[in-house]
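Q: A single structure is presented below for examination.
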Amino acid sequence: MSPQTVPPPALARLPSGIAGLDTITGGGFVLGGLYLIRGAPGAGKTILTNQVCFHNASQGGRAIFVTLLAENHARMLDNLRGLSFFDEKRIPDQVTYLSAYAEGHNGGLSAVVKLVRREIQHRRATVLVIDGLVTPQISAGSEQVYKEFVHDLQEIALATNCTVFLTTNANEEVTPEQTMVDGIVLLTDRTYGWQAASDLQIKKFRSSAFLRGRHSYKITDGGIEVFPRIEALYAHPSAGAEAVFGRVSTGMERLDSMTGGGLPAASTTMVMGPSGIGKTTLGLHFVSRSSQEERGLVFSFYETPARLRAKIAQIEPGLLPLIDSGIVEMLWQTPTSDLLDAYGYRLLEAVHRRQVKRLFIDGLTAFQKGSIDPARIGNFFAALTNELRVLGVTTVYSLELPDMLAAHPRAPVDDASNVAENMILMQYVERQAELHRLISVLKLRDSDFDNSIHEFSVTQSGLRINETNATAVDLLRSNDHDGATNRFERAAATDLPPQHEG
Amino acid sequence: MATVLIVEDEIGIGGLLEDVLLDEGHSVLIASNGRQALDLVAKDRPDLILTDYMMPVMDGATFMKALADQPSFADIPVLVMSSLPEEVVAERCPGYAQFIRKPFSIFEVIDIVQSLTRTSDGESEAIP
């Protein structure tokens, strides 16, 4: 390797303590760097920078938080006390709050610079926050003086190896400090109709690659929680893609037979059907085959844990001891209560934590509801399912179809083939004022399958699929007189290529 | 306390060093290139020189050669500051006392200045 191609040594980092943010920046802020935290009032700039201070203190560092307005520090501390990262014991030895208002007022920006440098030196500080750049911007009087102020701070940061954060309001204008600092973090709060969502974006980050684009965040009792966009983080799956072969039982003998021995291992299967048809029951049958070697996870949105447990007790009682012994975990979240990426992280964390191999996601549409921007959904699911495949997880999703008696069902997700390699359709048909249930396999990864349609029923002990398709043939023959479905119509309607017959 | 000459074309670094050394109780002279520095050395004879290597008008290497050529100034200890590796600087600069790589730690600079000003009254630590 020639000297020109030797990569420079990686610069040491200062982790923010905010896991998602450190993921986005590739390990944290550069030690001795100068960073701008921009955002509208209320976006969380003060919380974020305080969180960094306390995290750094917890790692043995020392932080100084400087305000430039005649601000009441006691009020600020009162506001921070409710947040779990706040640790009163670290104040004032490791986290110090200072006001530079008097220095700035009497001696101008050069006096502020001098104060900051002396305090860093004296306290051997590793983090410095200057909260509110608007004051120096106004008091500078000229752009040149203001630039010199920022430049001086940069020199101090570098010479003391103290990482410096400046907070400022966000606006469209490109201000001088933006061109000078080592990195810019932009916090944005947006409203969509009645909903509000916050996102964080790294606009600039010297010395390192970072995950570009917007990433969701929320302010919780724990401080700022950042969720890197799943599709950005898992653009390349985390582990080497090892091919997993074999079949995984659906938990139903007849369905295993229709799929040629079960679902392909480490594949994703979408079970589509209208409300109440038995999708959750099918998923519970699938998870009931979990074992110590093949741990299961039910990730559900709509049915509460108590309701789901009661259902399990009735239709699949063998699943209860698996849940009680920890072989199967039930994770429930209320739909619409969280962000798309938050759901994704919770799911992947549970899969990693217990090395789950059988996963049932009950209510795919809840993911869609968690997304402010529907355009993201396709890429989100593609990245999520790729990661699950690589982890060797066999996944079954349930997806509710909006029309109860649709002759031409349409999957309410874009680019459905991104989400699922296998598709199972559950339908109601009405005959002589009576509803019947039908099930068919529409698509199966690299496999032959039984493409006949079978009638099934939901009984006290779960789904029962008829051995033959004779009753389904009868039902559909009579329906065909009304111009109802056949395999090619259904395939076209679900955005899938028509499957070969036989 | 000592009189320290800072030779630095980057005003931010020069200003920072000036502030720090003043706080440490030293007297400080400032030059932004080797030419200005030679004039100040002739006029005020500092106890210690901190010099950058790459500067306009007269660079650090030329400045140090000019200093070495004048026996009355050759014993002033010099701390060279550069973003280049020391071996590159050592080839071109005669007899400097200490080298510090940029970006430097201000704490390290204070320690070096302290040790050089302590010895500058007695024996120099200059590299032969």
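Q: Using a cut-off of 14 Å between alpha-carbon atoms, which aspartates and glutamates can reach A:K114, once sequence neighbours fewer than 8 places away in the same chain are excluded?
A: The reachable aspartates and glutamates, counting only those whose Cα sits under 14 Å from A:K114, are A:E103, A:E148, A:D152, A:E155, B:E18, B:D19, B:D23, B:E24.
Q: Determine the calculated [θ] at 222 nm for chain A from helices alone, applying -39500 (n - 2.57) to every DSSP H run no shorter than 4 residues and normalising by the residue count; nearest 500 deg cm²/dmol.
A: -10000 deg cm²/dmol
Q: Now for a different question. Taking Cα pairs under 8 Å and at least six residues apart, what relative contact order does the range A:333-408 come out at, in percent?
A: Values: 57 pairs, mean separation 30.7, N = 76.
Contact order relative to length: 40 percent.
Q: Next up: Which whole-number percent is the relative contact order of the range B:15-62 (Cα, under 8 Å, 6+ apart)?
A: Numbers: 31 pairs, mean separation 15.7, N = 48.
Computed value for the range B:15-62: 33 percent relative contact order.
Q: Specify the angular offset, from 0 to 90 degrees and rounded to the nearest 10, of the alpha carbon long axis of helix A:340-354 from the longest principal axis of the alpha carbons in chain A.
A: Tilt of helix A:340-354: around 80 degrees.
Q: If the limit is 23 Å between Cα atoms, which of A:K45/A:K203; A:K218/A:K311; A:K203/A:K369; A:K203/B:K102 go over it?
A: A:K218/A:K311; A:K203/A:K369; A:K203/B:K102
Q: Further, regarding this structure: About the Cα centre of chain B, how large is the charge dipole given +1 on each Lys and Arg Cβ and -1 on each Asp and Glu Cβ? Please answer in debye to the nearest 20.
A: Numbers: 8 positive and 22 negative charges, 60 e Å.
For this selection, approximately 280 debye.
Q: To make sure I understand, if each residue's beta carbon is the centre and we count other beta carbons within 10 Å, what order do A:F205, B:F73 fall in, fewest to most?
A: On the way: A:F205 21, B:F73 17.
By the 10 Å Cβ count, ascending: B:F73, A:F205.
Q: Classify chain B from the C-alpha gyration tensor, please: rounded if a/c falls under 1.5, else prolate or oblate depending on whether a/b exceeds b/c.
A: rounded
Q: Another one. How far apart, in nm, are the 7 Å Cα→Cβ label points at A:M404 and A:A10?
A: It works out to 5.8 nm between the two label points.
Q: Of A:A111, A:G278, B:G60, which is farthest towards the positive pole of the protein assembly as shown's charge dipole, taken about the Cα centre with +1 and -1 on the beta-carbons of Lys, Arg and Asp, Glu respectively?
A: A:G278
Q: Additional query: Give the calculated FRET efficiency between A:E467 and A:Y192 to the nearest 0.05, with a Förster radius of 56 Å applied to their Cβ-Cβ distance.
A: Taking R0 as 56 Å, the efficiency between A:E467 and A:Y192 is 0.65.
Q: Still on this model: Describe numerically, in nm with one decimal, the distance between label points set 7 Å from Cα along Cα→Cβ at B:L84 and at B:I110.
A: 3.0
Q: Got a sec? Which residues in the range B:57-86 would a label at B:I100 touch, if it sits 7 Å along Cα→Cβ and we count backbone N under 19 Å?
A: B:60-61, B:64, B:76-86
Q: To continue, here is another question. Setting aside same-chain residues fewer than 8 positions from B:K65, which lysines have a Cα under 20 Å from its Cα?
A: Partners found: B:K43.
Q: Tally Lys/Arg at +1 and Asp/Glu at -1 over every other residue whose Cβ is under 11 Å from the Cβ of A:V351; what's the total?
A: +3
Q: For chain B, what does -39500 (n - 2.57) per DSSP helix run (n ≥ 4), summed and divided by total residues, give at 222 nm, in deg cm²/dmol to the nearest 500?
A: When only DSSP H runs of four or more count, the value is -13000 deg cm²/dmol.
Q: Shifting gears a bit: Relative contact order for the range A:227-334: what percent, with Cα pairs under 8 Å and sequence separation of 6 or more? Provide the component values of the computation, followed by the final result.
A: Values: 103 pairs, mean separation 23.9, N = 108.
So the answer I get is 22 percent.
Q: If you fit an axis through the alpha-carbon atoms of helix A:377-390 and take the longest principal axis of the Cα set of chain A, what angle between them do you get, 0 to 90°, nearest 10?
A: 80
Q: Once fully extended, how much extra length lies between A:H236 and A:E434, figured as 0.36 nm per residue of separation less the alpha-carbon to alpha-carbon distance?
A: Extending this stretch completely gives an extra 66.4 nm.
Q: Which FRET efficiency, nearest 0.05, do A:V145 and A:K369 yield, Cβ-Cβ r, R0 56 Å?
A: It comes to 0.65.
Q: Follow-up. For a quick check: sort A:E303, A:E103 by the number of other beta carbons within 10 angstrom, fewest at the front. Mind showing how you got there, number by number?
A: Values: A:E303 17, A:E103 20.
Sorted ascending by nearby Cβ count, the order is A:E303, A:E103.
Q: If you take the beta carbon distance between A:V134 and B:K43 as r and set R0 to 30 Å, what does 1/(1 + (r/R0)^6) give as a FRET efficiency, to the nearest 0.05?
A: 0.10
Laboratory data are not the source of any read-out in this text; all were calculated from the coordinates shown. Keep in mind that this is a model prediction, so the values were computed, not measured. Cβ coordinates were reconstructed from backbone atoms using ideal geometry, including for glycine residues, and neighbour counts include every protein chain displayed.
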